[in-house]
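Rule-based calculations on the coordinates, nothing more; no lab input. Keep in mind the model is a prediction, meaning the values are calculated, not measured. Cβ: placed from backbone, ideal geometry, glycine included. Neighbour counts: every protein chain shown.
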Amino acid sequence: MRYDADFNISWRVDDPVAIRDIIESLQGVETVLRETAGVLPQLVRGLDVEHFEIKVRTIAQQSPLKELFVLTMFLAFQKSLETAVPGAIEQATGTDIPANLEVIVTLTALIVVFYGVGAIKDFLVGSKDGPSAAMLQGLIDELSKECGLTPEVIRARLAERYADKSAWKRVTNAAARFFRVSKRQDSSPMLVNGRQVSAEVVRDVPADYLFDDAREAAPARPFYDVPLELHAQDRDHSGQGWAAVIPGIVDRRVRLKLLSGVSAADLWNRDRARGDVMVIYERVGDQMIPKSIQLQALLD
């Protein structure tokens, strides 16, 4: 059977929106809807998306800026289901469309977006916490009631789908593009199928250029007043012969370089110290692995 799902996004914008930003946004939404069609069968028992199409119905470039998409899905339900999914399949006959499918599609699409945001934040700063993570949890809790799966099962299925490197790239790229217009408009709030995405949540989403830059270069992160465990020393050199661990940040021994202002003599024969450091990472797949520590200031 055919099912058309409208996906409507609007922004309250103060300044003209660049065409390139609209294009990026359109591409991001298209990928989000493609992912939504792929994720739905994992969330609604007995549902199969046999084919789908995505079309742009409206673009209105004024305030509010609007983009209206139509996700057309050709669905099938397993006729052999003996028990309907609570709230999702009223009659498991393969002929009736679930009454709440529109809600499920909207929730799933937003979950895909904010799952991608969490992956970006984890990639950049090593933490998913913040307003965007709270919104993701709220969306998952709401979807749990609609489709009959526990929040833990929903998260596990998302994690399984996006464990693959190429899938991880898709969802993170889509999330970054999805917020392109808002981020260029001072974190303008969004309305997605009538659901508010506040400016606070948008501000919590890393800017797309930060994500793009981080994927291209070896990132470095500062840490202040942290404990160091010294595992190798060289009294005559500051740039070689030293190694250290920072508990909870760099848990395996890596090379330690002493920058100007830090004397090797001040650390000689010490097992521990405190200081301001810069940790240099190397990208391995979708992970950032600490490769070295630069000690910028010795505090203790």
Item checked: Per-residue Cβ neighbour rank within 10 angstrom, fewest leading, TYR224, TYR281, TYR3 -> TYR224, TYR3, TYR281
Check: Hey, could you pull the Cα Rg and Dmax for the chain, both in Å?
Finding: 24.1, 79
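Would region 112-180 count as rounded, prolate or oblate if I go by the C-alpha gyration tensor, calling it rounded below 1.5 in a/c and otherwise prolate when a/b exceeds b/c, oblate otherwise? Intermediate results must be reported in sequence, preceding the final value.
Values: a/c = 1.81, a/b = 1.41, b/c = 1.28.
Cα axes put region 112-180 in the prolate bin.
Tell me, what is the FRET efficiency for GLN61 and LEU259 to the nearest 0.05, using R0 = 51 angstrom and their Cβ-Cβ distance as r? The partial results should precede the final answer.
Details: r = 50 Å, r/R0 = 0.98.
Here the calculated transfer efficiency is 0.55.
Using the 10 angstrom Cβ neighbour count as an exposure proxy, how do GLU146, GLU152 rank, fewest first? Show your work: numbers first, answer last.
Details: GLU146 20, GLU152 10.
Exposure proxy ranking, most exposed first: GLU152, GLU146.
Where does the charge balance sit around SER132 when Lys and Arg score +1, Asp and Glu -1, over other residues with C-beta under 12 Å from its C-beta?
Numbers: positive: LYS121, LYS128, ARG203; negative: ASP122, ASP129, GLU200, ASP204.
Neighbourhood net charge equals -1.
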Notebook entry, point to check: What are the ³J(HN,Hα) values, in whole Hz, obtained from phi via the Karplus relation 6.51 cos²θ - 1.76 cosθ + 1.60 with θ = phi - 60°, for each residue of region 27-32 in sequence order, with x given for Gly and Pro?
Noted result: 5, x, 5, 4, 5, 4
Check: Length gain on complete extension for the stretch ALA156 to VAL284, per 0.36 nm per residue less the alpha carbon to alpha carbon distance?
Finding: 43.8 nm
Notebook entry, point to check: Once both axes come from the Cα atoms, what is the angle between helix 165-178 and the longest principal axis of the chain, in degrees from 0 to 90, rounded to 10?
Noted result: 80 degrees
Next item on the list: Give me the angle, in degrees from 0 to 90, between the Cα long axis of helix 101-125 and the longest principal axis of the Cα atoms of the chain, rounded to the nearest 10.
Entry: 10 degrees
Item checked: Cβ-derived FRET efficiency at R0 35 Å, ASP141 paired with ASP4, nearest 0.05 -> 0.80
Item checked: Charge tally in the Cβ shell below 9 Å around PHE74, where Lys, Arg are +1 and Asp, Glu are -1, PHE74 excluded -> -1
Next item on the list: Calculate the dipole size of the chain relative to its Cα centre from +1 charges on Lys and Arg beta carbons and -1 charges on Asp and Glu beta carbons; express the result in debye to the nearest 20.
Entry: 520 debye
Note to self: Given the -39500 (n - 2.57) contribution per DSSP H run of 4+ residues, what per-residue ellipticity at 222 nm results for the chain, rounded to the nearest 500 deg cm²/dmol?
What the structure shows: -12000 deg cm²/dmol
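Provide the percentage of antiparallel DSSP beta bridges, counting only those with both residues in region 218-298; round to the nearest 5. Before the final figure, lay out each step's value.
Details: 24 of 28 bridges.
Antiparallel bridges: around 85 percent, rounded to the nearest 5.
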Checklist line | Rough spin-label spacing in nm, given labels placed 7 Å along Cα→Cβ, for ASP129 and ILE249 | finding: 1.6 nm
Item checked: Candidate lysines for bridging to LYS55, where Cα separation is under 29 Å - those fewer than 8 sequence places away on the same chain excluded -> LYS66, LYS165, LYS169, LYS183
Note to self: Using only Cα atoms and rounding to the nearest 10 degrees, what angle (0 to 90) does helix 151-161 make with the longest principal axis of the chain?
What the structure shows: 80 degrees
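Using a Förster distance of 45 Å, how high is the FRET efficiency between ALA76 and ASP300, based on the Cβ-Cβ distance and rounded to 0.05? Provide the component values of the computation, followed by the final result.
Values: r = 66 Å, r/R0 = 1.47.
According to the calculation, E is roughly 0.10.
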Check: Using a basic spin-label model with each label point 7 Å from the Cα along Cα→Cβ, how many nm lie between ASN269 and ARG12?
Finding: 6.7 nm
